[in-house]
Amino acid sequence: MSRPAELADLGACRRVVVKVGSSLLVEAGAPRSAWLASLAQELAALRAQGPELIVVSSGAIALGAAKLGLAKGGRASLADAQAAASVGQIALAGLWAEKLGQHGLTAAQMLLTLEDLEDRRRYLNASATLARLLEAGAVPVVNENDSVATEEIRFGDNDRLAARVAQAAGADMVLLLSDVDGLYDRDPREDGAQLVERIEGITPEVLAMASGASSSGMGSGGMTSKLQAAQIAERAGIALAIINGTHEAPIATALSANRGTLFLPQRSDGARKAWLGGRLAPMGTLRVDEGCANALRGGASLLAAGIVGISGAFRRGDLVKIVTMRGEELAQGLAEYEAHEIQAIAGKRAEDQANRLGYAPRAAVVHRDHMVLL
């Protein structure tokens with residue numbers, strides 16, 4: 001597996017995920033056919049160099065809303081978005097099948113929900129499907145299944161979906177086609193804004209550079225969601241790049257100018273821990289004291305004695321977030337107890353927990369084997 005160190009290394013990757021946003025694919029409710037044709041030609045050329053390809057494509061809601069005549073691009077209500085997606089997915093799949101087919105590539109539609117990648121068994125099933133499609137020579141075209149997704153349980157943007165799909169597929173790189181050149185050190189509309197070309201680890205300072213708004217107003221993701229995607233990718237040993245997709249032949253344009261932002265992977269967690277670190281829907285939060293936080297950073301399991309606060313209604317085996325006294329996200333993992341049981345033993349040493357629980361306590365509240373640092 002080749003880990004790219006520069007944008008130009010894209011062709012040397014074994015497997016690449018390319019994410020395309022709504023504003024690039026759809027204009028005034030109609031597909032940008034000429035632009036998509038140029039992108040499909042680029043993808044075919046990239047595939048000929050060796051990398052297997054997965055496309056994560058937005059655009060279903062925008063296309064469906066135009067066909068149904070729905071207000072606000074189909075986003076006036078959840079019911080409108082679901083209806084628009086149901087109609088638009090047919091059109092979107094047809095577009096990709098046509099454009100890729102002109103270059104001898106077979107498109108395969110794959111619709112995922114958040115739960116498909118949060119639940120371990122369903123995640124492994126999605127991973128196996130992606131692997132078989134790639135083995136058969138197809139190009140999976142993935143989108144969130146917005147026809148059934150709800151406001152509470154959804155990705156909400158395809159940037160994070162692309163990173164999670166890259167994890168499931170064992171990809172080397174994620175390429176996010178955006179409406180800007182990459183991450184700027186401030187709002188790119190401000191005088192003196194500078195493009196940040198290379199980032200080795202997302203820090204609070206990097207996060208502060210992001211603007212949550214998408215300049216197009218059509219999609220649901222902005223720069224903040226792209227940085228969240230980069231965090232998921234960097235923990236799984238996957239590089240992620242943001243490039244400007246508004247040009248004709250956007251990939252070649254970015255590579256020839258070496259213009260974009262490349263986020264380098266910071267570690268390579270094992271498959272299970274990468275899945276844990278990429279999960280997006282914790283059921284609760286555990287707040288820990290400073291001594292406990294330091295122990296966790298050193299590789300320890302989370303013990304009840306270090307817990308100072310609990311929120312959420314979760315059961316044993318549910319995902320919980322672990323935060324410091326200041327609210328900084330530290331780790332996440334699978335709880336060994338239900339919320340009310342942790343409430344009873346929080347701050348207590350092992351010898352005092354049995355009386356509270358009515359049975360011998362487990363080794364940890366969150367075991368290190370089922371926990372990942374963020």
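The values are calculated or read from the model by the stated rules, or taken from the named source; none is laboratory data. Fair warning: this is a prediction, and the values are worked out from it, not measured in the lab. Don't worry about glycine lacking a Cβ; one is built from the backbone with ideal geometry, like all the others, and counts go over all protein chains shown. Remember, those area values only see protein heavy atoms, side chains included, never the ligands or the DNA or RNA. Shrake-Rupley method; radii C 1.70, N 1.55, O 1.52, S 1.80 Å.
Only a single criterion out of (1) in a loop (DSSP other than H, G, I, E, B); (2) more than 29 Å from Leu117 (Cα to Cα); (3) out of contact with any Asp or Glu (no Cβ under 9 Å at 6 or more places or on another chain) is not satisfied by Glu351, namely (1).
Residues checked against (1) more than 28 Å from Gly170 (Cβ to Cβ); (2) not polar (S, T, N, Q):
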residue	(1), (2)
Leu25	no, yes
Ala28	yes, yes
Ser33	yes, no
Gln49	no, no
Val56	no, yes
Ile61	yes, yes
Ser77	yes, no
Ala81	yes, yes
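Could you tell me whether Gly260 is buried (at least 17 other Cβ atoms within 10 Å of the Cβ), in contact with a helix residue (DSSP H, G or I) (Cβ under 9 Å, 6 or more places away or on another chain) and on the phi > 0 side of the Ramachandran plot? Considered against the rule, which asks whether it is buried (at least 17 other Cβ atoms within 10 Å of the Cβ), in contact with a helix residue (DSSP H, G or I) (Cβ under 9 Å, 6 or more places away or on another chain) and on the phi > 0 side of the Ramachandran plot, Gly260 comes out as yes. Residue count for segment 189-210 satisfying the condition of being within 22 Å of Glu329 (Cβ to Cβ) and outside any loop (DSSP other than H, G, I, E, B): 5. The residue that is least open to solvent (accessible area, probe 1.4 Å), counting only those in segment 38-78 that are farther than 18 Å from Met110 by Cα and not in a helix (DSSP H, G or I), is Pro51.
Any residue at all in segment 306-318 that's buried (at least 18 other Cβ atoms within 10 Å of the Cβ), over 24 Å from the mean Cα position of the chain (by Cα), in a helix (DSSP H, G or I) and touching a residue at least 12 places away in the same chain (Cβ under 8 Å)? Yes, the conditions are met somewhere in segment 306-318.
If you take the residues in segment 158-180 that are farther than 24 Å from Leu124 by Cβ and crowded, with 20+ Cβ neighbours inside 10 Å, which one is modelled with the lowest pLDDT? By that ranking, first place goes to Val180.
Exactly one of these conditions fails for Leu319: (1) over 20 Å from Ala335 (Cα atoms); (2) of a type outside the set (Ser, Thr, Tyr); (3) touching a Leu at 6+ places or on another chain (Cβ under 7 Å). Give me its number. Every condition holds for Leu319 apart from (1). Restricting attention to segment 270-297, the residues being closer than 16 Å to Arg164 by Cβ and of a type in the set (S, T, N, Q) number 0. Number of residues in segment 68-83 that are within 17 Å of Leu112 (Cα to Cα), under 23 Å from the mean Cα position of the chain (by Cα) and not polar (S, T, N, Q): the value is 1.
For segment 319-339, what are the residues that are of a type in the set (A, V, I, L, M, F, W, C) and open to solvent by less than 30 Å² (accessible area, probe 1.4 Å)? Reasoning before the result, please.
As a first pass, look at segment 319-339 and keep what is of a type in the set (A, V, I, L, M, F, W, C): 319-320, 322-323, 325, 330-331, 334-335, 339.
Listed by number, the residues that qualify are Leu319, Val320, Ile322, Val323, Leu330, Ala331, Leu334, Ala335, Ala339.
Restricting attention to segment 340-367, which residues are in contact (Cβ under 8 Å) with a residue 40 or more places away in the chain and either open to solvent by less than 10 Å² (accessible area, probe 1.4 Å) or closer than 18 Å to Asp289 by Cβ (or both)? Write out each step before concluding.
Filtering segment 340-367 down to residues in contact (Cβ under 8 Å) with a residue 40 or more places away in the chain leaves 342, 345-350, 353, 361, 363-367.
Across segment 340-367, the qualifying residues are Ile342, Ile345, Ala346, Gly347, Lys348, Arg349, Ala350, Gln353, Ala364, Val365, Val366.
Among the numbered conditions (1) touching a helix residue (DSSP H, G or I) at 6+ places or on another chain (Cβ under 9 Å); (2) over 16 Å from Gly94 (Cβ atoms), the only one that Ala34 does not meet is (1).
Ala254 - would you say it is buried (at least 20 other Cβ atoms within 10 Å of the Cβ), farther than 15 Å from Glu42 by Cβ and not basic (Lys, Arg)? Can you show your working first?
Values: buried (at least 20 other Cβ atoms within 10 Å of the Cβ): yes; farther than 15 Å from Glu42 by Cβ: no; not basic (Lys, Arg): yes.
No: the conditions fail for Ala254.
Can you confirm whether Leu276 is touching a residue at least 24 places away in the same chain (Cβ under 8 Å) and not in a helix (DSSP H, G or I)? Spelling it out, it is not the case that Leu276 is touching a residue at least 24 places away in the same chain (Cβ under 8 Å) and not in a helix (DSSP H, G or I).
Of the residues that sit in segment 324-345 and are more than 21 Å from the chain's Cα centre (by Cα) and among the aliphatic types (A, V, I, L, M), which one is nearest to Val372 (Cα to Cα)?
First pass over segment 324-345, keeping only residues more than 21 Å from the chain's Cα centre (by Cα): 324-327, 335-345.
This time we only want the ones that are among the aliphatic types (A, V, I, L, M), so: 325, 335, 339, 342, 344-345.
Numbers: Met325: 18, Ala335: 12, Ala339: 20, Ile342: 20, Ala344: 25, Ile345: 23 Å.
Among residues in segment 324-345 that are more than 21 Å from the chain's Cα centre (by Cα) and among the aliphatic types (A, V, I, L, M), the one nearest to Val372 (Cα to Cα) is Ala335.
Of all residues in segment 79-111, those satisfying the criterion of being of a type in the set (S, T, N, Q) and part of a helix (DSSP H, G or I) are Gln82, Ser86, Gln89. Of the residues making up segment 131-180, just one is assigned to a helix (DSSP H, G or I), under 11 Å from Glu52 (Cβ atoms) and touching a Gly at 6+ places or on another chain (Cβ under 9 Å), namely Ala131. When Asp116, Asp181, Asp146 are checked against the criterion of being among the acidic types (Asp, Glu) and within 14 Å of the chain's Cα centre (by Cα), a single residue qualifies: Asp116. So is Ala293 surrounded by 15 or more Cβ atoms within 10 Å (Cβ to Cβ) and under 13 Å from Val365 (Cβ atoms) or not? Here the answer is no, as Ala293 does not meet what is asked.
Candidates in segment 23-37 are the residues that are open to solvent by less than 40 Å² (accessible area, probe 1.4 Å) and not in a helix (DSSP H, G or I); of these, the one that is farthest from Arg164 (Cα to Cα) is Gly29.
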